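The values are calculated or read from the model by the stated rules, or taken from the named source; none is laboratory data. Owing to the predicted nature of the structure, the values given are computational and were not obtained by experimental measurement. Note that we place each Cβ from the backbone using ideal geometry, even for glycine, and neighbour counts take in every protein chain shown. Remember, those area values only see protein heavy atoms, side chains included, never the ligands or the DNA or RNA. Shrake-Rupley method; radii C 1.70, N 1.55, O 1.52, S 1.80 Å.
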Amino acid sequence: MFAIIQTRGRQVKVSPGATIDIDGTAGDAGAEITFDQVLLVEKDAGDVLAGAPYVANAKVLAVVD
């Protein structure tokens with residue numbers, strides 16, 4: 001499973017348990033950030049949901065390291 005989100009003017013591929021760096025994102029360690037600009041979601045079964053431009057009702061939850 002993975003998703004492609006849009007943040008800070010760039011597209012980022014994210015997956016469960018992955019660590020990514022996003023310039024300019026501030027937050028205390030342990031804080032949760034929600035990304036709602038999800039461009040594409042690929043589910044475990046191989047199904048792909050593509051947005052126009054965003055996937056409806058899709059969100060990615062991240063935790064600040």
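Computed values, structure above
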{"read-out": "Per residue solvent-accessible surface (Å²) - the chain, probe of 1.4 Å", "value": "71 Å²"}
{"read-out": "Relative contact order, percent, the chain [alpha-carbon distance under 8 Å, six or more residues apart]", "value": "36 percent"}
{"read-out": "Vicinal HN-Hα couplings computed from phi for the stretch 46-58 (Karplus, 6.51 cos²θ - 1.76 cosθ + 1.60; Hz; Gly/Pro x)", "value": "x, 5, 10, 10, 10, x, 9, x, 10, 6, 4, 6, 8"}
{"read-out": "Equivalent ellipsoid semi-axes, the chain, via Cα gyration tensor eigenvalues times 5, rooted, Å", "value": "21, 13, 10"}
{"read-out": "Share of carbon and sulfur in the accessible heavy-atom surface of the chain [1.4 Å probe, %]", "value": "48 percent"}
{"read-out": "Protection-proxy order for peptides 30-37, 58-65, each taking the mean of Cβ atoms within 10 Å per residue, highest first", "value": "58-65, 30-37"}
{"read-out": "Amide hydrogen neighbours beyond the local backbone of residue 37, cut-off 5 Å, H modeled", "value": "6"}
{"read-out": "Gain upon complete extension [residue 20, residue 64; 0.36 nm per residue less C-alpha separation]", "value": "14.9 nm"}
{"read-out": "Local net charge near residue 61, Cβ-Cβ under 11 Å (Lys/Arg +1, Asp/Glu -1)", "value": "-1"}
{"read-out": "Student exercise, the stretch 20-65 dipole from Lys, Arg, Asp, Glu Cβ charges, in Debye to nearest 20", "value": "220 debye"}
{"read-out": "Candidates 18, 45, 26: whichever shows maximal mean-square fluctuation once the chain is modelled as a Gaussian network with Cα springs under 10 Å", "value": "45"}
